[in-house]
Each structure stands twice: as structure tokens, then as C-alpha cells.
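Everything on this sheet refers to the single structure shown next.
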Amino acid sequence: MELNSKIYVAGHKGLVGSAFMRRLRAGGFSNIIQRTHKELDLVDQHAVERFFKEEKPEYVFLAAAKVGGIHANNTYRAEFIYQNLMIELNVIHTAYQYGVKKLLFLGSSCIYPKHAPQPMKEEYLLTGLLEPTNEPYAIAKIAGIKLCNAYNRQYGTDFMCAMPTNLYGLGDNYDPQNSHVVPALIRKMHEAKSKGIKEVVVWGTGTPKREFLYSEDLADACVILMEKHNVSEIGEFINIGTGKEIAIKELAELVARVVGFRGKLVFDKSKPDGMPRKLMDSSRFQALGWQPKTRFREGISLAYQDFLNNVLKAA
């Protein structure tokens, strides 16, 4: 990518898309196209075609997706598979039609089998059954990988796929029911502290382990991919993570310390745990010279400050 290249960031207002915007601007890229959902519904094939015909972006970061935590994934199963499939199909196909030089599709660590060996290597894809609670979302993301791969093989496109681990950071969704675990815990802990509530309920047993990556670190990794690498180097897709995991119980205790909640943590074992572990093997990408910069506690503190500065003030 050149500094004056025409770059489209799909989903620029979300957790990942907003991180891409900050990273690109900090890197001197100024010709960035963005559309809100109201301005461009990526589920609408004809609207997507009109957009690409008019704007003709050279590079595309496909960060737009319907996302959520375990409750949202398990409750809105039809929406998760339909909307994510339509977004991928429309953007990837139209990018091919209008000659996009390079596209980066973002997947998710949930693409791997529920009982995949740990840490999860790229070759473990489709070697076992998926975690039932997020199967529709996972299937949509797997379809996106295979779609990019098919276009690359048949048409010679350079559509890359990156599989990030669990993400958190600035501009996250803090809905206590439908968000991911880190923002949900931040909100729960803060509200309990503010209201003098003595206990916070955490879903599940607290024993599953998860890996977390700060969204700004992911953005750095993805811009490096787009600037310096291509499909022939990274293959069908590549993992992006920290290589470190933490139990949900330890995560809840860490968030409590950062937020300043000193009450009791109660684990609701009637709620689903999801996959027992989700540690990714990111050695292939790290061998290319990239390393995450943000320590976990530092990232949680930055996310909490963002919650205080932006979410609460906007409420």
C-alpha cells in the first residue's frame, strides 16, 4: 500500500475497524473510505455493488461483522450466520469484480474444533466438531476463509485471511448481555462498585481458558500484513495472537482489581462455558517479525478508561 492508496475499511466504527482507522492514520494513510451502516448496508448486494463501482477502492480491510459474546451467539443464531455470510459474499465477490488489489478478511478463533489440540495450529481447521454455542458464527467465518481461497485459486486475487484470538480494547461493545467477556465484566464490575453491590455473577464455572489480544495490536499486525505480505507467503489464513492464556476466574479477578470492585465473585455454573480452551499457535506470524506490544493488565486499564470516558459520558 502507498500512503495515497484508496483504502476501504468496512466496519470502521467497530472495535476492530476503529483500531484500523487509528493505525492507518498514524501511519500516514489519508485516502481512507468509510461508510456507516446507515449509509451502506453490506448485507444489501446491490448497495455494495454501487459503492464499489463509485469508489473503486484499491485495498479493503473487511472488519465488518455481526459479533457478540456467548449469549448473543447462542441466542441469535440465524442472524449471526445470515448476516455474516451475506457481508462476506457481497464484499469479497464485489472486490474481485472491481479489481481490488488486496483484501484482508478477519475471521475468529472459534473456527477451530471444540476439542482441538492446544495451541491451535492453522492445519487444525475442519478436523473436528465445532463448539455448539457459536457454531453458526464459526461456520460463517470458515465460509469466508474458503471464499477468499477459492477466488485466489480461480482468479489469482490476493485476498488474505487473518484469524485473531479474542479481542478487547477501545470502542468495545459493553452491553452486559450481548458483549464479549472482557467488556461485559468491566461494565458489571463498574456498576456493582458504583451502586455498592457486594457481588458480581460471572457466567460459567470460571475454569475455561482464553487468550486475549488488544485491538490496537491486531490493527498493527493487519496493516503489516497488507503492506509487506501476500497470500503466497501466508497461505490460506494465518493466526494472530499472544500465545498466552488466562482462566476466566483469573480474568474476572484481574478486571475487579483494575475497576476497584472489592466484592464477591459468584460463578453461575448453570450458564455455558463454551470451549474449554482457545489458545492459538501464532508462531507462523510471529516468525515474520511481529510481536504484540500491550501487556494484558495495561490493556484492561486502557479499556476501562475508555469505558469511563466514552461509554458512560455518552449514556
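The values are calculated or read from the model by the stated rules, or taken from the named source; none is laboratory data. As the structure is a prediction and not an experimental result, all values here were calculated from the model. Here the Cβ is made from the backbone with ideal geometry for all residues, glycine too, and neighbour counts use every protein chain on show.
All conditions but one from (1) under 24 Å from residue 229 (Cα atoms); (2) modelled with pLDDT under 95 apply to residue 146; the one that does not is (2). Just one of the numbered conditions (1) surrounded by 14 or more Cβ atoms within 10 Å (Cβ to Cβ); (2) acidic (Asp, Glu); (3) closer than 30 Å to residue 147 by Cβ is not true of residue 233: (1). Scanning region 78-94 for residues that are crowded, with 22+ Cβ neighbours inside 10 Å and either of a type in the set (Phe, Trp, Tyr) or free of Cβ contacts under 8 Å to residues at least 24 places away in the same chain (or both) yields one hit, 80. The set of residues in region 247-266 that are outside any helix (DSSP H, G or I) and surrounded by 17 or more Cβ atoms within 10 Å (Cβ to Cβ) comprises 261, 265. Out of everything in region 137-186 that is of a type in the set (D, E, K, R) and in contact with a helix residue (DSSP H, G or I) (Cβ under 7 Å, 6 or more places away or on another chain), what residue ends up being surrounded by the most Cβ atoms within 10 Å (Cβ to Cβ)? By that ranking, first place goes to 141. Restricting 45, 118, 97 to those that are within 21 Å of residue 209 (Cα to Cα) and surrounded by fewer than 19 Cβ atoms within 10 Å (Cβ to Cβ) reduces the list to 118. Do we find that residue 190 is closer than 25 Å to residue 73 by Cβ and modelled with pLDDT under 90 in this structure? Considered against the rule, which asks whether it is closer than 25 Å to residue 73 by Cβ and modelled with pLDDT under 90, residue 190 comes out as no. Listed by first and then second residue, the pairs with beta-carbon distance under 9 Å, at least 6 apart or on different chains, first residue in region 42-56 and assigned to a helix (DSSP H, G or I), second surrounded by 13 or more Cβ atoms within 10 Å (Cβ to Cβ) and aromatic (Phe, Trp, Tyr), are 49/98; 51/8; 52/8; 52/98; 53/98; 55/8; 55/98. Being among the basic types (Lys, Arg) and either part of a strand (DSSP E or B) or over 29 Å from residue 21 (Cβ atoms) (or both) is a condition met by at least one residue of region 119-139.
When region 1-25 is filtered for residues that are charged (D, E, K, R) and assigned to a helix (DSSP H, G or I), the ones remaining, listed by number, are 22, 23, 25. Taken as a whole, the structure places residue 294 among residues that are surrounded by 15 or more Cβ atoms within 10 Å (Cβ to Cβ) and either assigned to a helix (DSSP H, G or I) or of a type outside the set (Lys, Arg) (or both). Taken across region 271-291, residues that are surrounded by 14 or more Cβ atoms within 10 Å (Cβ to Cβ), in a helix (DSSP H, G or I) and touching a helix residue (DSSP H, G or I) at 6+ places or on another chain (Cβ under 6 Å) do not occur at all.
Within region 24-40, residues that are more than 18 Å from residue 14 (Cα to Cα) and touching a residue at least 24 places away in the same chain (Cβ under 8 Å) reach partners that are among the polar types (S, T, N, Q) and part of a loop (DSSP other than H, G, I, E, B) with beta carbons closer than 9 Å, at six or more positions or on different chains, in the pairs 29/4; 29/5; 30/4; 31/4; 31/5. From the list 19, 78, 72, 64, the lone residue that is at negative phi and more than 17 Å from the chain's Cα centre (by Cα) is 78. Of all residues being more than 21 Å from residue 99 (Cα to Cα) and basic (Lys, Arg) in region 1-42, which is surrounded by the most Cβ atoms within 10 Å (Cβ to Cβ)? Just the residue, please. Looking at the filtered set, the residue picked out is 23.
Residues that are among the small types (Gly, Ala, Ser) and touching a strand residue (DSSP E or B) at 6+ places or on another chain (Cβ under 6 Å) within region 6-43 comprise 10, 17, listed in sequence order. One residue alone among 202, 258 is at pLDDT 95 or above and of a type in the set (Val, Ile, Thr), and that residue is 258.
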